[in-house]
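Scroll down for the structure; my scribbles are underneath it.
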């Protein structure tokens, strides 16, 4: 049976999900909303969100050039999704990771992407899915061929801001 999950359905089905346990990008994943809400007004501005995503952007940027190429984006997403640090992403990890990191209209197709059904997704399988979905292109807001920290934060912010209020409230926060 082909399993296709809509990210909109995931939000209702699994809520905010569990916090990553062993990901190398865990500092922000374990941060609560209050840590990101610097002015304590129960709403994250785009600027506060940009600051909150800085640890991820730095972690993903392996060559420290301030830009994420396709490989860095795929590997960074893999590390963020692999909550238990096994080097494989199971179906639940993929669903939670996609809900946090991908625009809401992206369909998660675990069975179609997993060429080794008994082991979960490896980095090559996730990289191939990221390529097929055109995620690098979607994150590259200024179309310069690389994803900057600002590009990454902008796409995530717009994806999380479900009520289009230009702020993220505690119910829209996805990293708790």
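Using Cβ contacts closer than 10 Å as the measure, can you line up 115, 45 from fewest to most? Kindly include the intermediate steps, with their values, before the conclusion.
Numbers: 115 11, 45 16.
The most exposed by this proxy come first: 115, 45.
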At 25 °C and 0.890 mPa s, grab the translational diffusion coefficient of the stretch 126-176 from Stokes-Einstein with a Kirkwood Rh over Cα pairs, rounded to a whole number in µm² per second. 202
How do 33-39, 77-83 rank on mean C-beta neighbours within 10 Å, highest first? 77-83, 33-39
Taking the beta-carbon count within 10 Å as an exposure proxy, list 119, 127, 40 from fewest neighbours to most. 40, 119, 127
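Read-outs throughout are calculated quantities, based only on the coordinates presented, and are distinct from any laboratory measurement. Quick caveat, the model's predicted, so the values are computed rather than measured. Don't worry about glycine lacking a Cβ; one is built from the backbone with ideal geometry, like all the others, and counts go over all protein chains shown.
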